[in-house]
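Notes follow the structure.
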Amino acid sequence: MALKAYFLSDIHLKSIEEPNAQRLLEFFRSLRSTEEITHLFLLGDIFDLWIADHFYFVNKFSEIILELRRLHALGVEIHYFEGNHDLYLDRFFGKELGFHIHVGPGYFHLGHFQIRIEHGDQMDPHDLGYRFLRWLLRTPVIKWVAPRLPSRFVVWLGEKMSKTSREYTTAIKTISAERAIEVIRLHAARAFVERPFDFFLCGHIHVDCDYRVPESDSARVLNLGSWHDHPRAALITDEGLTPNVLN
Ligand SMILES: [Mn+2]
């Protein structure tokens, strides 16, 4: 089958009733019924909060999970990158659904393209507070404890974390969109030197950002922005990258 890989990020779903949730369901159904799709990459913060395999979330977003299950059953390779709002995904999306789970950047060879993918929460080297939190959340003790906490407590904790993170995202955006894009550019430049890519896709920082790496003839960086600004799904085929098929 010809390559048809879709990329989604930062939908930040809070409930199944909101318009973006319905838009996402509609998109999944269209992929299932009318199009051929080989890969689906979820770049993190798909949900405004998801912790491990708590029944609270599984139940709340059951319609979305059903659509993902259906795509997976059709043979679609699904990769889910943890964001800073969706954590410990292996317990449900990995073990239960059989998706590939990533907690850091990943490299993929798709068609004739080398692709780097990550959520983007590690892009800003100056964000030391978050770096500490990220480390803390991945320590074995917290990883063991989190899935075992009562749902109500997890939801409360998650709301707090979500708010802190939103304040950071808003703060960096308020400084200026240029500053936010600069964070992406510097990070992508470092990443390109480390290991060259044709495409680099990320999310997390809610700005529109699509450019070609100056050090290369063709390498391209795409930040998927946020569905709170407008719904977006990128597509990579053998012909190249389409930044948004949901226009
Ligand atoms: Mn994020």
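General remarks:
- Amide H within-cut-off set for PHE47, under 5 Å, with H built and near neighbours excluded: HIS12, LEU13
- Choice from ASP229, ASP121, ASP90 showing the highest fluctuation, given a GNM over the chain with Cα pairs closer than 10 Å: ASP229
- GluC sites (Glu not before Pro) within segment 183-247, DSSP loop, no more than 13 other Cβ atoms inside 10 Å: GLU215, GLU239
- Only one residue of GLY44, VAL154, ALA219 has its Cα farthest out toward the positive end of the dipole of the chain, where Lys and Arg carry +1 and Asp and Glu -1 on Cβ, and that residue is VAL154.
- Beta bridges per DSSP with both ends in the chain, % antiparallel, nearest 5: 45
- A quarter of the convex hull surface defined by the alpha-carbon atoms of the chain gives 12.9 nm² as the mean projection.
- Percent of Cα-Cα distances greater than 22 Å, calculated over segment 52-128: 33
- Ordering ILE117, PHE200, VAL245 by Cα displacement along the dipole of the chain toward the positive end leaves ILE117 in first place; charges were set at the Cβ atoms of Lys, Arg (+1) and Asp, Glu (-1).
- Fluctuation leader among VAL103, VAL193, VAL155 - the chain, Gaussian network, Cα springs under 10 angstrom: VAL193
- Taken about its Cα centre, the chain carries a charge dipole of roughly 740 debye when the Cβ of each Lys and Arg holds +1 and the Cβ of each Asp and Glu holds -1.
- Most fluctuating residue given options HIS85, HIS72, HIS112, as computed from a GNM of the chain linking Cα atoms under 10 Å: HIS112
None of the figures in this text is laboratory data; all of them are computed from the coordinates on show. Since we're looking at a predicted model, the values are computed, not measured. Neighbour counts run over all protein chains shown; Cβ positions are idealised from the backbone, glycine included.
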